[in-house]
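Okay, structure first, notes after.
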Amino acid sequence: MICFLLLLAVATNGCATASVAQVRPETTSVASVPIVDAAKPLPPMPPIDEGPRFVLTPRNVRLIVSVKDRRLWVVAGADTLRSAPVSVASGSDLTYGGRRWRFATPRGRLIIRGKRTDPVWLPPDWHYAEVAQRNTLKLARLLPATRLRDGSRLVVRDSVVGLVRPGDTTFLALPTTEHIVFDATLFIPPIASLNRRLHGELGEYALDLGDGYMLHGTNDQRAIGSNTTHGCIRLADRDLAWLYAYVPVGVTVVVK
């Protein structure tokens, strides 16, 4: 079986995009497509800036996000408590494998539904479609006991995708930090598997807005202020830490 080693540089977003850094043919039965550098820790978060002089509640504060200006304001009455640059959706479309996605930041009144530290990202299908398109791979969902051309099977055991070769019962677990690529096909791992968990892509904190949208961080601080996400709103580390520390669940977020 001829597979490819694809070294990918991943730029996050909760909405991460991968780009090809190198493509090299390999004669091996396992294709290695790194997702993230699992050994590289996130940089330490900066100290949290001083908060407001009063306790913020859903009754006395709201967040306003301008998609056009790529900016967020924390507003209490007539006072602006904090202003921060943000990254928003690209507004682009992706069509691949007979499916189409539109990347837009939702407008209207949203609510902060929850807050998380060290959030783990479960990539939607479009993440795998982007990787497949950029690397000229077919795209397929990994089904129970998916059979490959050489007779090997891809199976899930203990929440990890692995390989079972023909005539053997040995389970060879595949690295959870690599995409699953065999027979020039990128397989989308099951949603409950550890192969579909990306650590470090959303920064240190995330504020959940519902329907998969979040206010979150990024491991590419230089991209803050751009329209490069797939729908989520990204903030710089210091601004995100302030929001997490002082803005409570239940606060309204007006996106316009």
In segment 79-105, what residues are loosely packed, with under 15 Cβ neighbours inside 10 Å and within 12 Å of Arg62 (Cβ to Cβ)?
Asp79, Thr80
Members of segment 72-100 that are closer than 26 Å to Ile188 by Cα, of a type outside the set (S, T, N, Q) and part of a loop (DSSP other than H, G, I, E, B)
Gly91, Gly97, Gly98
Just give me the residues in segment 150-164 being assigned to a loop (DSSP other than H, G, I, E, B) and free of Cβ contacts under 8 Å to residues at least 60 places away in the same chain, in sequence order.
Gly151, Asp158, Ser159
Residue by residue through segment 217-244, note down the ones that are touching a residue at least 12 places away in the same chain (Cβ under 8 Å) and part of a helix (DSSP H, G or I).
Gln221, Ala223, Asp237, Arg238, Asp239, Leu240, Ala241, Trp242, Leu243, Tyr244
Take segment 211-227 and flag every residue that is modelled with pLDDT of 95 or more and either surrounded by 19 or more Cβ atoms within 10 Å (Cβ to Cβ) or under 11 Å from the mean Cα position of the chain (by Cα) (or both).
Tyr213, Met214, Leu215, His216, Gly217, Ile224
Which of the residues that make up segment 169-210 are charged (D, E, K, R), under 14 Å from the mean Cα position of the chain (by Cα) and part of a loop (DSSP other than H, G, I, E, B)?
Arg197, Glu201, Glu204
What pairs can you find where one residue is in segment 78-106 and touching a residue at least 40 places away in the same chain (Cβ under 8 Å) and over 16 Å from Arg234 (Cβ atoms), the other is polar (S, T, N, Q) and surrounded by fewer than 18 Cβ atoms within 10 Å (Cβ to Cβ), and their Cβ atoms are less than 6 Å apart, with a gap of 6+ or different chains?
Tyr96/Gln133
When you look at Thr80, is it closer than 13 Å to Pro248 by Cα and modelled with pLDDT of 95 or more, yes or no?
no
The residue that is farthest from Arg62 (Cα to Cα), considering only those in segment 113-138 that are surrounded by fewer than 19 Cβ atoms within 10 Å (Cβ to Cβ) and aliphatic (A, V, I, L, M), is Leu122
Take segment 55-71 and flag every residue that is under 14 Å from Arg109 (Cα atoms), of a type outside the set (Val, Ile, Thr) and surrounded by 15 or more Cβ atoms within 10 Å (Cβ to Cβ).
Arg62, Leu63
Of the residues in segment 45-77, those that are without any contact (Cβ under 8 Å) to a residue 24 or more places away in the chain, aliphatic (A, V, I, L, M) and not assigned by TED's automatic domain parsing to the domain that holds Tyr246 come to Val55
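The values are calculated or read from the model by the stated rules, or taken from the named source; none is laboratory data. These numbers come from a predicted model, not from an experiment. All Cβ positions, even for glycine, are placed from backbone atoms using ideal geometry, and neighbour counts span all protein chains on display.
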